[in-house]
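The next block holds one structure in the form of C-alpha cells; read it before the comments.
What follows draws every value from the coordinates through simple rules; no lab data is involved. In this text, all values refer to a predicted model and were calculated from it rather than measured experimentally. Cβ sites come from the backbone with ideal geometry, for glycine too, and all protein chains shown count toward neighbours.
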Amino acid sequence: MALRIYEEKDMKCVICKHGETADGFVTVTLEREGLTLVVKKVPARVCQNCGEEYIDDAVASQLFRTAEEAAKSGAEFDVRHYLKAA
Ligand SMILES: [Zn+2]
C-alpha cells in the first residue's frame, strides 16, 4: 500500500473529500529489496468515512529507517512494533 502523508492536523480526507480524520493506530507493510516488513501500532490519522490512513512525516521517515535497518539484517519477512525515535 502507498503511505499517505498528512500535512496538517484535522485535515479532511483527500480520497472521499468529506471524511474527518481521527487519531488511531494502523499496521503498515513496507517492501524493501526482498524484505517485507510489517510494522504494527503505527500512530496515524484514520478517515472516519472511508478508512483511508494517513501518517505524518516524522513517523514515515522513522518507518523507512526501520525498513532499511531490517533489510540489512537479510531477513525476508519481519514483524515489528513501531518505536518512537528517541
Ligand atoms: Zn475518506
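Answer yes or no: is there a residue in the stretch 68-78 that is surrounded by 13 or more Cβ atoms within 10 Å (Cβ to Cβ) and in contact with a helix residue (DSSP H, G or I) (Cβ under 8 Å, 6 or more places away or on another chain). Scanning the stretch 68-78, I find at least one residue that is surrounded by 13 or more Cβ atoms within 10 Å (Cβ to Cβ) and in contact with a helix residue (DSSP H, G or I) (Cβ under 8 Å, 6 or more places away or on another chain), so the answer is yes. Scanning the stretch 34-65 for residues that are outside any helix (DSSP H, G or I), away from the ligand (no atom under 16 Å from the Cβ) and surrounded by 12 or more Cβ atoms within 10 Å (Cβ to Cβ) gives Leu35, Thr36, Leu37, Val38, Val39, Lys40, Lys41, Val42, Pro43, Asp56. Is there a residue being within 16 Å of the ligand (Cβ to nearest atom), part of a loop (DSSP other than H, G, I, E, B) and over 20 Å from Phe77 (Cβ atoms) anywhere in the stretch 24-33? No - not one qualifying residue is present in the stretch 24-33.
Within the stretch 66-82, identify whether any single residue is away from the ligand (no atom under 16 Å from the Cβ), assigned to a loop (DSSP other than H, G, I, E, B) and free of Cβ contacts under 8 Å to residues at least 40 places away in the same chain, and answer yes or no. Within the stretch 66-82 (the criterion being away from the ligand (no atom under 16 Å from the Cβ), assigned to a loop (DSSP other than H, G, I, E, B) and free of Cβ contacts under 8 Å to residues at least 40 places away in the same chain), the answer is yes, since at least one residue qualifies. When every residue of the stretch 1-23 is checked against the conditions, at least one turns out to be in a strand (DSSP E or B) and of a type in the set (Val, Ile, Thr).
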